[in-house]
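The values are calculated or read from the model by the stated rules, or taken from the named source; none is laboratory data. Because the structure is predicted, anything quoted here is derived from the model rather than measured. Every residue, glycine among them, receives a Cβ derived from its backbone with ideal geometry; neighbour counts consider all protein chains shown. Just the protein is used for accessible areas: all its heavy atoms, side chains included, with ligands, DNA and RNA removed. Shrake-Rupley method; radii C 1.70, N 1.55, O 1.52, S 1.80 Å.
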Amino acid sequence: MSSVGDASTVVDGHATSASYRTQSNGKPRFHHEDPPLKKSQRQQSAANFVTAVDYMEEDRPFFVKIGKDGLIGALQKLDGQLRNAGRPHILSTKKPTDWIGKEVTPGQIGLINHGGLPKILTHAGRYPGMPLRNWWARSWAGTCGLSDTVIEFKGLTVVQVSQNQAAVVSDPQNHVFVIKNSGFVAYAIEGTYNVLSIVDQTHLPTMIKDRITGVVLGWSHEVTMKSRTGAGSNQDYVVALFLNIPANNCAILQKGDDLELLPAGQHYITTPNVTLRGLFTLGENQLEMPTKDIFTRDQVPVSLTIYLKWQLTEPLKLTTHGYNTPYDALRDKTQSILTQIVAHLDYSSMVKQRSIGPDNMDDGTDASSAFLDALRTRAMDDLHAAALEYGIIMKDLAVIDRQFKGDIAQTMDKLTTRALQAQVEAANVDRENSNKIKQEEGTLAVARVKAQVQNQTKADAEAYSVVKAAEAQAQKTQIDAEAQAKATRLAAEAEAEAIRLRAVADAAVIDHFAREMELRRTEVRRVSAFGDKAVFVPTEGLGSMLGSSMALGLAAGLGADGRKAG
């Protein structure tokens, strides 16, 4: 598909559930394959009102697409078309110098106003002015870059857009077309080429969200054009709508009574009779939905809060039925189905169970369990079947809350409130008793720990005292022994010193009589020490043998006396 389109509704759209088909004239067309649609709807889809017509397919005068030769080559081609048509050329024949004049650097083109007609300098260099060169009816208008996105000068229009950019242009016949990833050079003989906007398709400014679920459906941007009315005032109107649809989302376009699905991707709409019906997400959605008042079989009004989980698979079915969001379709069907089911339930059967879902099934012993099972199963089955008509698949349904109204409900609420208060009070008493028991247990545990610590401390003290007493006794014994030994040593040293001194004194006696008298005194002390009956026998010299003989005689006498006595 060409990147330049005129009156195009979809360009460069990445079709996920759609395919391109070819018309009899060879032009590509966009067709959405939707087998579940009815016959009339399939005929509408086969009409294929979304087409992409290449703006370059028609032979347009003085309009040249920028190709591999770049801007200079396109300007030369446009200049050749003007010369062949007998019109003033746009490329100047002036030659550059290198010493004086207006300067045109490489990568630029020079602009000259030649009596209201454009002249372009494509060669780099200096261009002298008057009087060195002929500049009659000419004036210097400046320079522009060869890669500038938009150049507009005296009827000459240059547009060059890069990746992700799109230029919205109005031609002299007020046809609006969009050009992407390319460019063109055009010279308008009658009218003008107006560049209305340069759009960054990747970052469109307006975010579109689902007003119910808050899911981001895509981004959009409207390009407007001023129109002068008969009264002389200017009025803006939309000439192009750009869409950026994320993956797993889609859009629905409408042309009269026909609908077309637009898959995810970057798209734009320029055809005025094609409008955007809405954007949708094909992913899963979940929501809590309150219902209106529903009357039970005994005429007690109840309001339910429902949890819904769904997935839209066929948006064309939903829009065909006139709904703008899946929630609008599910809300009406859910209200109708729940009204029919709750009308067969009693107040007493509904008040026993607060939530209704797959996780709280009854065991079948309760008399009202049949009604509750019907509310769970029948509601889900009926809603699933009804949602399929709108292209929606129901994933889950649960009643998470209910509010009863009326006098009976108020009375039951009071009784329920009293019962809850009694339960709360009983729970508070149990909690206080449990706290007291825990406090007492804690106090007892603390006392036990303190007693253990105290006993351990007492035992440690007694053991310490015994150890210290033993150490004191040992130290006392050691001190006494050391003192006694020291006293004995001192006494022995004193006695030895006295003996030494007496010996020294005795040795100092020279007189014979004094010596004899000392010996006599010694003998007297010895006799007095052993008694007057003691016999002293000499142990040395000749007297030693006499002592032995006396001992033997004495022993023999004692033996003879013993035998006589026996």
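Scanning the range 167-185 for residues being among the polar types (S, T, N, Q) and surrounded by fewer than 16 Cβ atoms within 10 Å (Cβ to Cβ) gives a total of 3.
Asn248 fulfils the conditions (1) open to solvent by less than 20 Å² (accessible area, probe 1.4 Å); (2) at positive phi; (3) among the polar types (S, T, N, Q) except for a single criterion, (1). Give the number of residues within the range 294-326 that are at pLDDT below 90, within 20 Å of Ala398 (Cβ to Cβ) and either in the same structural domain as Gly265 (by the TED database) or open to solvent by 20 Å² or more (accessible area, probe 1.4 Å) (or both). Count: 3.
Residues in the range 251-286 that are without any contact (Cβ under 8 Å) to a residue 60 or more places away in the chain and open to solvent by less than 20 Å² (accessible area, probe 1.4 Å): Ala251, Gly278.
Checking each residue in the range 214-241 for being under 20 Å from Ser170 (Cα atoms) and touching an Asp or Glu at 6+ places or on another chain (Cβ under 8 Å) picks out Thr224, Met225, Lys226, Ser227, Val238, Ala240, Leu241. Selection of first residues in the range 287-300 that are among the basic types (Lys, Arg) and of second residues that are surrounded by 11 or more Cβ atoms within 10 Å (Cβ to Cβ) and in a loop (DSSP other than H, G, I, E, B), restricted to Cβ pairs under 7 Å at least 6 apart or on distinct chains, gives the following pairs, ordered by first then second residue: Arg297/Ala343; Arg297/His344; Arg297/Leu345; Arg297/Asp346. Scanning the range 115-166 for residues that are within 15 Å of Glu103 (Cα to Cα), touching a residue at least 40 places away in the same chain (Cβ under 8 Å) and surrounded by 18 or more Cβ atoms within 10 Å (Cβ to Cβ) turns up just one, Ile120. When every residue of the range 133-148 is checked against the conditions, none turns out to be β-branched (Val, Ile, Thr) and part of a loop (DSSP other than H, G, I, E, B). Of everything in the range 278-311 that's over 28 Å from Glu260 (Cα atoms) and part of a loop (DSSP other than H, G, I, E, B), which residue is nearest to the chain's Cα centre (by Cα)? Per the criteria, the residue is Thr291.
Given the criteria open to solvent by less than 80 Å² (accessible area, probe 1.4 Å), touching an Asp or Glu at 6+ places or on another chain (Cβ under 9 Å), outside any helix (DSSP H, G or I) and at pLDDT below 80, does Val509 qualify? Yes; evaluated as a whole, the condition is true for this residue.
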